[in-house]
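Take a look at the structure set out below.
The values are calculated or read from the model by the stated rules, or taken from the named source; none is laboratory data. Just so you know, these numbers come straight off a predicted model, no measurement behind them. Every residue, glycine among them, receives a Cβ derived from its backbone with ideal geometry; neighbour counts consider all protein chains shown. To get the accessible areas, we keep the full protein, side chains included, count just its heavy atoms, and leave off ligands, DNA and RNA. Shrake-Rupley method; radii C 1.70, N 1.55, O 1.52, S 1.80 Å.
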Amino acid sequence: MTDLVAVWDVALSDGVHKIEFEHGTTSGKRVVYVDGKEEIRKEWMFKLVGKETFYVGAAKTKATINIDAISGFAYEYTLEINGKSLKKYMEDRSKTTNTWVLHMDGENFRIVLEKDAMDVWCNGKKLE
């Protein structure tokens with residue numbers, strides 16, 4: 001990952017996902033990794049600005065990386081989740097979910113309650 005330009009941590013019901021983005025401004029390369037797994041690879045892109053859309057997590061949440069030129073060969077990278085900026089998505093999510101991290105018997109448990117659907121997740125698995 002020599003051209004790594006952005007890293008985001010996105011908390012979803014099934015866990016916290018790490019999104020990494022490589023952008024080779026001389027080669028035009030774009031690579032998106034989700035939790036260390038390559039999701040998108042494009043080589044020799046002549047248009048250096050644009051968008052890359054992919055899906056994250058068990059619920060296949062839509063994510064988009066926006067690549068914008070800010071001056072000369074400087075670029076800005078922003079992440080959108082379900083069409084909202086990451087900040088706005090996380091603010092909205094904090095209103096519709098409760099998350100607890102419990103430490104029991106030497107093990108961590110991440111429990112998420114989705115208030116709108118009344119779904120409960122534990123360590124990335126939806127419970128009945």
Subject >> Relative contact order (percent, whole number), the chain, Cα cutoff 8 Å, 6+ residue spacing >> reply: 16
**OP:** Would you mind estimating how fast the range 30-72 diffuses translationally, via Stokes-Einstein at 10 °C and 1.306 mPa s with the Kirkwood radius over Cα pairs, in µm²/s?
**Re:** 135
Subject >> Between helix 86-96 and the chain: long-axis angle, C-alpha atoms, 0 to 90°, nearest 10 >> reply: 10
**OP:** Go through Glu128, Glu80 and list them by solvent-accessible area, largest first, probe radius 1.4 Å.
**Re:** Glu128, Glu80
Original post:
For the range 4-90, what % of the accessible area comes from carbon and sulfur atoms, probe 1.4 Å?
Top reply: 53
Original post:
Just how much of Lys126 is accessible, in Å², when a 1.4 Å probe is used and the result is rounded to the nearest 10?
Top reply: 110
Original post:
In what sequence, largest accessible area first, do Trp44, Trp8, Trp100 appear using a 1.4 Å probe?
Top reply: Trp44, Trp100, Trp8
**OP:** On the full set of protein chains, 1.4 Å probe, figure out the accessible area of Ser85 and give it in Å² to the nearest 10.
**Re:** 60
Original post:
Using a Cα distance threshold of under 15 Å, what count of lysine pairs results for the range 4-90 when pairs must be 8 or more residues apart or interchain?
Top reply: 12
Original post:
How big is the accessible area of Met104 in square angstrom, nearest 10, if you roll a 1.4 angstrom probe over the protein chains?
Top reply: 100
Subject >> Geometric extent, Cα atoms of the chain - Rg, Dmax (angstrom) >> reply: 16.9, 55
Original post:
Around His17, which amide H atoms from residues at least 5 apart in sequence, or from another chain, sit under 5 Å from its own amide H, with H modelled in the peptide plane?
Top reply: Val10, Ala11, Leu12
Original post:
Radius of gyration and Dmax for the range 1-58's Cα atoms, expressed in Å?
Top reply: 12.0, 37
Original post:
Say R0 is 41 Å: what FRET efficiency, to the nearest 0.05, do Leu113 and Leu4 get from their beta-carbon distance?
Top reply: 0.75
Original post:
What ranking of Thr61, Thr25 comes out by heavy-atom accessible area, probe 1.4 Å, highest first?
Top reply: Thr25, Thr61
Subject >> Accessible area of the chain divided out per residue, in Å², using a probe of 1.4 angstrom >> reply: 62
**OP:** Just grab the label-to-label distance for Glu76 and Lys47, each label 7 Å out from Cα along the Cβ direction, in nm (one decimal).
**Re:** 2.0
